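Read the structure below first, then the notes.
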Amino acid sequence: MTKEIPARQKIFCPIRREWVTSLPEELVRQRVLTYMIEKLGFPSSLITVETPLKQLPHLSTNDLLSIPDRRVDIICFTNGPSGVHPLLLIECKAIKLTPRVVSQVIGYNEFVKSHLIAIVNETEMRVGYYDKEKKEYLFIDYLPSYQELVRKLC
């Protein structure tokens, strides 16, 4: 006698406009997206989710050969005079935030070139920026509103 495997629950992703399997990391991703859009004023039209690095709109075709076949969890763009540019790159995890996770998102940002990076799990969020004088990423434990970020960074 075989046991029937229960269907996984689904959760709606407003950015992808589809139902996705509610795995632990996806639940973190959807919680962050909801918070960003509903509480912090991030425009959903400037957010991408689970986008391959090679499909990012601001990268030229010349860059594509050196870009790894990886997906980024969340990127929020800003629309400026020279077109769209990444404002915030977020990596979502269902595990503890470790130095390896930090290295992963910093590595992605080598290609993305976002003003800010963030790592987030169920209980914590770290938002980082590169300090040119110290030559390292510095982190804070909260995410400012979209308007604050645009005013300060763009």
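The values are calculated or read from the model by the stated rules, or taken from the named source; none is laboratory data. Just so you know, these numbers come straight off a predicted model, no measurement behind them. Virtual Cβ from ideal backbone geometry, glycine too; neighbours counted across all protein chains shown.
Observations
- Within the stretch 79-100, considering residues that are under 20 Å from THR48 (Cβ atoms) and either outside any strand (DSSP E or B) or of a type in the set (D, E, K, R) (or both), the one modelled with the lowest pLDDT: SER82
- Exactly one residue out of LYS132, LYS152, LYS113 is on the phi > 0 side of the Ramachandran plot, among the basic types (Lys, Arg), modelled with pLDDT under 95 and surrounded by fewer than 17 Cβ atoms within 10 Å (Cβ to Cβ): that is LYS113.
- Residue in the stretch 71-92 that is exposed (fewer than 12 other Cβ atoms within 10 Å of the Cβ), at positive phi and small (Gly, Ala, Ser) present: yes
- THR123 at pLDDT 90 or above, among the polar types (S, T, N, Q), more than 13 Å from the chain's Cα centre (by Cα) and over 17 Å from LEU40 (Cα atoms): yes
- Residue list for the stretch 135-146, restricted to those being surrounded by 14 or more Cβ atoms within 10 Å (Cβ to Cβ) and closer than 15 Å to LEU40 by Cα: LEU143, PRO144, TYR146
- Residue that is farthest from TYR146 (Cα to Cα), among those in the stretch 17-47 that are touching a residue at least 40 places away in the same chain (Cβ under 8 Å) and assigned to a loop (DSSP other than H, G, I, E, B): LEU23
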